[in-house]
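Every read-out reported here was derived from the displayed coordinates using simple, explicitly stated rules and does not represent laboratory data. Only a predicted model underlies this, so the values are computations on that prediction, with no experimental measurement involved.
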Amino acid sequence: MISRRFFFLFALLCASAAAPQLTRAQETDVIRGQVTGPDSAAIQGVTVTVTSLSGNVSRTARTDSRGRFTVTFPGGDGDYMVSFAMLGYAAKRFEVKRS
């Protein structure tokens, strides 16, 4: 059951995790998204860790009651690894680039 739950979680993470956005006036990268389960319900309490590839600086957030998270990097470099972890689900990590 965990592998099935992971598949749906991973598929929805890929579809719903927002790419970094650059706020040019502040030169800040903002990585935001929403984590949902196989029934499309939001998952609260997922640990989201974002690590900049050039500076190896990590920032962590937890999803709220709507499954949403936001992580900011002032003066960000645009290339990040984003990791998702929660008990009962396999951890997942993937690269995100500024568009």
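Once the piece of chain linking residue 68 and residue 30 is laid out straight, how much longer is it, given 0.36 nm per residue of separation minus the C-alpha distance between them?
12.4 nm
Consider all pairwise Cα distances in segment 33-88 and report the whole-number % of them above 15 Å.
Every Cα pair in segment 33-88 considered, those over 15 Å come to 48 percent.
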